[in-house]
Every structure is written in structure tokens, then in C-alpha cells.
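Visitor: This is the structure I want to talk about, given as C-alpha cells.
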């Protein structure tokens, strides 16, 4: 302070007093936020100085605009310095003594409740500077405006007042000197400061130094034109985001938009789905930035759950800076960003599927099941998501998949349904008797071997005006086809209705309430029987999932359909003429029921199945005549 001068004392505006009281009671989630706020203020001052140097020839800037952090553990201070635009005495009064924006008092009063203590950033109201009092007992601001020859010192203990005094010999810019509290002395530790800068301020467009060493050495490539970036730069930024130093992304999506919201986005797809490797559900979110300053590093609200595997960053100048989880849920800004992100991701996947089929196949092998979840989550984009789905079918070669659109092209215009069948694995599905009539009539069936597949198909319901129908449904609309001579002969050679009716009755009596009904089948060609699902019941695979998640889950009764033309059933019809065979016929019916469950992956009472098979084998052995030599 110059000789003969004295400091002027000022009283804080009422709103500032209330704010400082709140800060003393830990308004912010983390004290680290104070460093972020002060560095952001310094960056703003440098931006203003750059603008002045470009528009005012008398203040052309020739040196480097830089932010410097100077920790002093011995003195217990931390200085955050910039050579930006600086402040006049009146600037200090206006900027550091009042809150100019209307409505601020109402806003601050809302922050006093416990439910509001998760606020991350209140810089929207120009009060981020006051977070300094979370760290310091006393704060000094030494500053000289680019318009003046001498500077000023602002000082306060964060109570009811502050002082301003003239100071000679100051360089242009601002130094904020924090006289740290006893419990915040660790903020004078260089390592701690580096971690804070790398976490929150890595992408500030000006160099940030601690001493002479640059800290923010990662370039914010998302604001650069795409045609000026290399794959190496994209890969390097992915590795910075994910901390996977040797991994390259499968693909990236980089775009900017000005309408309806201004933001930049850079999204990456990892090469591997860790959920498939048993690492549990992916929990990371996107990095959310406001003007290159990190606001949230795991923002899961910007993408729907079915795209949770993506890494990336969204940076917007339109974000409300008082970002909290409640704001994320309520703000229409975030909903607009989310809607556009999803649109761009689905467009990217469609382009890959069309133009880079090998890369899309690699993506789908890792993340196809996550995409299937979108059918039941994202109603707005349901058909776009459905067009990305891939499945094996009865007309695809082993290891290849088909789309629903390709299925429709092969089906032609006369087919009224898209048919599918689920099962525990492809081998079991291909042996399923429900496929017999479809194979005989040359009608394609989509095969669903993943646990989520049937849920996705059931939720989807229809695709391009065609209903999706499981071929194990009781009300199956069996596709028409020309009856072959063999089929006519088989029908003519069926057992008499009396014998078949007796077999049906014995089966019903033996199975009891385990089945809803036993009836003649029109869908089987060779197999003796199959189980079908009554209207409104869970599919076989959905019941299997329920059994896996709940050991007490009981299978619902199904309908057993019996094929009168099968050799085994013909023989049972012959035996039914003698009531003494009813016990044997009943046991066969029971075994057929459990064998059908076994084929669907719904094995219950395995000990009874094994015991019954052994009994049949013993009876068969006893019925054979010994070979006499």
C-alpha cells in the first residue's frame, strides 16, 4: 500500500452475507470446487484480455496469457494468478461486494435447505469467487486493470465487510491469495492441486501452471473441426477419458450443433463389453462440461440405459451452471441434448450397418443385447432400434444373422406374421418340434437363443405393420401351404378317433393340473408331442428366466399337443384298446411331457425323469427274447 493512503471499508450486500454463511456450512459437495471456480474466473479474465487485444490496437497482447498456481506450505497460502484484464476499484466494489443479477436472493435462499446441498456450481450468478472462503480465513485480491497504471488490493475475512486500498507495482491481471484455514492446509500441496486441475480444469483453453510446469496438457479436441483431427488424436483422447492407455475405441462420434441447443459432443464405443465378461453392469456416464469446465464426470442422465456403454464428453454454453442432479432431471435443456445424442448415435449405428458391415457385426457381438433393451425403453426410437437388431434364423447359415427387413424381403407380401421361436441355445431350438411344419412349408422362423431376445420381441409386438408371433403359442396362426401327397396319405392313415381319444384321456388323467389341456396337434409332422403356451401366459424362456431368479417359482400349466401320426402315438392308440395298458400309456405321456420341458431347457424333477427312463429300458430289455447260440 502506498504511503499516506488508507484502506476504504465497505459492507457486503445482504445477499453476500447470506451466501458466505451458507459457504461456511459446506454448501458445495467438495472443497475442490473452490479451485475450479477460481481457475474458471481467471480463465474468463484471460478471455476478456484476448478480446481486448484483438479489438483495441493500443492494448495488443504479445505475451502468453497464463494462469499460475503458487502454493506456499510454509506461509499456509495458495495464490491463483492470471495476467488477464484485471479490475479497477469500482470493479472490485461491483464484482466482489454485490450480486448484480435479479432473483439471486431467492435463489440463494433455496440453497439453505439440506436437500439442496448437492449443488456443484453457482457461478451462474457471479458468486463462484466466494467459494474461496471455504478454504481461507482471509482472502486477498491484488489486481491491476489493463486501463490503469496502479492497482488495488481487496481484502476480507468473509464476515460482514471488506476493504479496498491502492497498491503500486502490480502487474496487469489478478492474484487471489488464500490464507488457508488449518483444516485446508493440504491445498498448499502441489500434488493435491495437480489432481484437482486434471479433474476439473484439464480443458481450460489457457495454460495452467504450478510453478513453471504445465498441468492442463490435454487438448479439448471436441471444439476443433473434425477435418483437422487425426485418428491418433481421437484415440489419445479416448485413452485420457477411460484411463485405458493401450486400448483403441471401436468407433467414435464427433459433432457440434447450434440448434435447438448449442453444444459439442464426442462419444466413443469401447471395443469390449465388460458386462459380457462378468464384470457387472456398466456404471460410468458422460463427462459434462460447461464452457470446457467439468461439471460432472459421470452424468448418466444424458444417455438412456441401453447406451450406457458409451464413453464421452458433452460441452455446452447453454447449460444452467447451477447443475445438480435435480436440475438434470428437470431441465428441458438436458432432455433436448439427450434426444439429439440418441438420434446421432442411432444414425451412426445405421451408417455402420450399411457401409461397414464387418465393424457393425463386431459392435453387435459385444453390445447387441444392450441395444435390444432399447426396444422396451425408448418408445420414440423403437422402430429405428428394431432395424438394428440381428438374429439367426432357419434360413441363415451357421454363424450369420439376419435383420427384420431382410426377413420381410424373403417373406414376400402374402405372409401376415414374423415368426420366431426361443430356446436355451441354437442346437436345442433347431431340434424343437414346433419348427417341423414351418420347415415343411418353407417359412422362415427367427431363432432366439439369448435370454433377452423373447422379451425384446414381445415388447416390440410388431414391425412395419406385421405382428411378431411365437410359434409355440397356443393360438398360432399356422401358415397355409399346399398339402403334399405324403401329408394327404398320413392324414388318411391316422389311427381311429376312438383309440386316439383314449390316449388323450389317459394323458390328461396322468398329468392332472400340470397341464391346462391335452389336445390334437396340427403343427407337428414327425414328433409325438410338443408344449404350447396358453393365451396370456409367459413364454417358455421367460419362465426359465423366472426360475433362475427365483428358486420358488412354479411353472405355469401349458397345453400338451399330441401328434396322432407319430409312430409312438400310433402304437399307444393300439394299446389303448386294452385298459390294462393305461398305466403304461400314462407313464409314457408323463415322460413325453418332461422330455418336452427338457428340450426347452426347463428340466424339472430330473431324478424322476432318470428313474422313469431306466424303468422303460428295463421293460424293453425284458420284452426282448434272448439270443440262443
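Visitor: If the requirement is being closer than 27 Å to residue 157 by Cα and either surrounded by fewer than 21 Cβ atoms within 10 Å (Cβ to Cβ) or in contact (Cβ under 8 Å) with a residue 60 or more places away in the chain (or both), which of these qualifies: 190, 224?
Guide: Working: 224 fails: closer than 27 Å to residue 157 by Cα.
Only one candidate qualifies: 190.
Visitor: Go through 487, 483, 444 for me and flag whichever is at pLDDT below 90 and assigned to a loop (DSSP other than H, G, I, E, B).
Guide: Working: 487 fails: assigned to a loop (DSSP other than H, G, I, E, B); 444 fails: at pLDDT below 90.
483 is the lone residue from the list that is at pLDDT below 90 and assigned to a loop (DSSP other than H, G, I, E, B).
Visitor: Checking residue 398 against (1) under 25 Å from residue 458 (Cβ atoms); (2) out of contact with any strand residue (DSSP E or B) (no Cβ under 7 Å at 6 or more places or on another chain); (3) in the same structural domain as residue 432 (by TED's automatic domain parsing), only one condition comes out false. Which one?
Guide: Only one criterion is unmet by residue 398, namely (1).
Visitor: Tell me, which residue of the stretch 309-332 that is modelled with pLDDT of 75 or more and either outside the structural domain of residue 240 (by TED's automatic domain parsing) or touching a strand residue (DSSP E or B) at 6+ places or on another chain (Cβ under 6 Å) (or both) is nearest to residue 345 (Cα to Cα)? Reasoning before the result, please.
Guide: So the first thing to find is which residues in the stretch 309-332 are modelled with pLDDT of 75 or more, and the list is 309-318, 332.
If we keep only those that are either outside the structural domain of residue 240 (by TED's automatic domain parsing) or touching a strand residue (DSSP E or B) at 6+ places or on another chain (Cβ under 6 Å) (or both) too, we end up with 310-316.
Numbers: 310: 10, 311: 12, 312: 12, 313: 14, 314: 14, 315: 17, 316: 18 Å.
Ranking the qualifying residues of the stretch 309-332, first place goes to 310.
Visitor: Now, a different point. Can you work out which of the residues in the stretch 333-344 that are modelled with pLDDT under 95 and surrounded by 21 or more Cβ atoms within 10 Å (Cβ to Cβ) is nearest to residue 260 (Cα to Cα)?
Guide: 337
Visitor: A follow-up question, please. Would you check if there is a residue in the stretch 258-276 being more than 21 Å from residue 343 (Cα to Cα) and free of Cβ contacts under 8 Å to residues at least 60 places away in the same chain? Quick ask: steps written out before the conclusion?
Guide: Filtering the stretch 258-276 for residues more than 21 Å from residue 343 (Cα to Cα) gives 271-276.
Imposing the further condition that a residue be free of Cβ contacts under 8 Å to residues at least 60 places away in the same chain reduces the set to 274.
Looking for residues that are more than 21 Å from residue 343 (Cα to Cα) and free of Cβ contacts under 8 Å to residues at least 60 places away in the same chain, one finds at least one in the stretch 258-276, hence yes.
Visitor: Tally up the residues in the stretch 372-395 that are in contact with a strand residue (DSSP E or B) (Cβ under 6 Å, 6 or more places away or on another chain) and outside any helix (DSSP H, G or I), please.
Guide: Here is the first cut: in the stretch 372-395, the residues in contact with a strand residue (DSSP E or B) (Cβ under 6 Å, 6 or more places away or on another chain) are 386, 391-393.
Next cut, outside any helix (DSSP H, G or I) only: 391-393.
The total comes to 3.
Visitor: While we're looking at this one, here's another question. Failed condition for residue 39, given (1) in contact with a helix residue (DSSP H, G or I) (Cβ under 8 Å, 6 or more places away or on another chain); (2) within 25 Å of residue 9 (Cβ to Cβ); (3) modelled with pLDDT of 90 or more; (4) in a helix (DSSP H, G or I), with all others met?
Guide: (2)
Visitor: Would it be correct to say that residue 582 is in contact (Cβ under 8 Å) with a residue 60 or more places away in the chain, more than 24 Å from residue 449 (Cβ to Cβ), out of contact with any strand residue (DSSP E or B) (no Cβ under 8 Å at 6 or more places or on another chain) and crowded, with 16+ Cβ neighbours inside 10 Å? Reasoning before the result, please.
Guide: Working: in contact (Cβ under 8 Å) with a residue 60 or more places away in the chain: yes; more than 24 Å from residue 449 (Cβ to Cβ): yes; out of contact with any strand residue (DSSP E or B) (no Cβ under 8 Å at 6 or more places or on another chain): yes; crowded, with 16+ Cβ neighbours inside 10 Å: yes.
Yes; evaluated as a whole, the condition is true for this residue.
Visitor: Only one of (1) surrounded by 16 or more Cβ atoms within 10 Å (Cβ to Cβ); (2) under 20 Å from the mean Cα position of the chain (by Cα); (3) in contact (Cβ under 8 Å) with a residue 60 or more places away in the chain fails for residue 242. Which number is that?
Guide: (1)
Visitor: Filter the stretch 246-262 down to the residues that are assigned to a loop (DSSP other than H, G, I, E, B) and over 22 Å from residue 201 (Cβ atoms) and list them by number.
Guide: Within the stretch 246-262, the subset assigned to a loop (DSSP other than H, G, I, E, B) is 246-250, 258-262.
Answer for the stretch 246-262, where residues must be assigned to a loop (DSSP other than H, G, I, E, B) and over 22 Å from residue 201 (Cβ atoms): 246, 247, 248, 249, 250, 258, 259, 260, 261.
Visitor: A further question follows. Quick check on my filter: what residues within the stretch 48-70 are more than 16 Å from residue 209 (Cβ to Cβ) and touching a residue at least 40 places away in the same chain (Cβ under 8 Å)? Give the derivation first.
Guide: We begin by selecting, within the stretch 48-70, every residue more than 16 Å from residue 209 (Cβ to Cβ); these are 48-62.
Scanning the stretch 48-70 gives 49, 52, 59.
Visitor: Against the definition (at pLDDT below 75, surrounded by fewer than 14 Cβ atoms within 10 Å (Cβ to Cβ) and more than 40 Å from the chain's Cα centre (by Cα)), how does residue 63 come out, yes or no? So that I can check it myself, show each step before the final result.
Guide: Values: at pLDDT below 75: no; surrounded by fewer than 14 Cβ atoms within 10 Å (Cβ to Cβ): yes; more than 40 Å from the chain's Cα centre (by Cα): yes.
No: the conditions fail for residue 63.
Visitor: When you look at residue 577, is it assigned by TED's automatic domain parsing to the domain that holds residue 521 and surrounded by 13 or more Cβ atoms within 10 Å (Cβ to Cβ), yes or no? Can you show your working first?
Guide: Values: assigned by TED's automatic domain parsing to the domain that holds residue 521: yes; surrounded by 13 or more Cβ atoms within 10 Å (Cβ to Cβ): no.
The answer is no for residue 577.
Visitor: Further question: Restricted to the stretch 266-304, and to residues that are modelled with pLDDT under 85 and either in the same structural domain as residue 201 (by TED's automatic domain parsing) or exposed (fewer than 15 other Cβ atoms within 10 Å of the Cβ) (or both), which residue is nearest to residue 35 (Cα to Cα)?
Guide: Selected residue: 283.
Visitor: All but one of (1) under 15 Å from the mean Cα position of the chain (by Cα); (2) at pLDDT 95 or above hold for residue 347; which doesn't?
Guide: Of everything listed in (1) under 15 Å from the mean Cα position of the chain (by Cα); (2) at pLDDT 95 or above, residue 347 misses just condition (1).
The values are calculated or read from the model by the stated rules, or taken from the named source; none is laboratory data. Just so you know, these numbers come straight off a predicted model, no measurement behind them. Neighbour counts are summed over all protein chains in view; Cβ atoms, including those assigned to glycine, are modelled from backbone coordinates with ideal geometry.
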